[in-house]
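The values are calculated or read from the model by the stated rules, or taken from the named source; none is laboratory data. Bear in mind the structure is a predicted one, so any value in this text is a computation, not a measurement. When we count neighbours, we look across all protein chains shown, and the Cβ atoms used for this are built from the backbone with ideal geometry, even at glycine.
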Amino acid sequence: MIEATCHCGAVHITLETAPAEVTDCNCSICRRYGALWAYDSPRRVQVTPPEGATDIYVRGERLIEFHRCKTCGCVTHWTAVDTSIDRMGVNVRLMPPEVLAAARVKHLDGADTWTERYDS
């Protein structure tokens, strides 16, 4: 099990396994958040904030809900507005540094071309 927590510890996220790959997206919101995303099924990720521990921001297209801790402000994860979508993102920067160090980083040009590349 891999644990991720916001800075103050109010939001805890548990994944079954460490991500082998993380995504660094440069779209207008991800570049501002500075997050690196690990994608998984919401059925395999446990998010355990106390009731009301996160604020939710839904951007223009109203497809994704971005969650952040109300206390410390860390962006913790995103979920699809359409709950039939079997994908969510967890901010890997909230995991122990060795988890990120072991993962392959994919760069997604979400700002322009939607192409992907990997570091050499």
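Condition check: among the aliphatic types (A, V, I, L, M), part of a strand (DSSP E or B), in contact with an Asp or Glu (Cβ under 9 Å, 6 or more places away or on another chain) and touching a residue at least 24 places away in the same chain (Cβ under 8 Å). Does Ile56 satisfy that?
Working: among the aliphatic types (A, V, I, L, M): yes; part of a strand (DSSP E or B): yes; in contact with an Asp or Glu (Cβ under 9 Å, 6 or more places away or on another chain): yes; touching a residue at least 24 places away in the same chain (Cβ under 8 Å): no.
Answer is no for this residue.
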- Residue list for the stretch 83-111, restricted to those being among the acidic types (Asp, Glu), modelled with pLDDT of 95 or more and assigned to a loop (DSSP other than H, G, I, E, B): Asp86
- Message: When you scan the stretch 72-82, do you find a residue that is in a loop (DSSP other than H, G, I, E, B), without any contact (Cβ under 8 Å) to a residue 60 or more places away in the chain and surrounded by 14 or more Cβ atoms within 10 Å (Cβ to Cβ), even just one?
- Response: no
- Could you say which residue among Glu51, Glu65, Glu3, Glu21 is farther than 28 Å from Trp114 by Cα, among the charged types (D, E, K, R) and under 15 Å from the mean Cα position of the chain (by Cα)? Glu3
- Which residue pairs have Cβ atoms closer than 8 Å, lie 6 or more positions apart in sequence or on different chains, and pair a first residue in the stretch 23-35 that is free of Cβ contacts under 8 Å to residues at least 60 places away in the same chain with a second residue that is surrounded by fewer than 20 Cβ atoms within 10 Å (Cβ to Cβ)? Ile29/Arg59; Gly34/Arg93; Ala35/Arg93
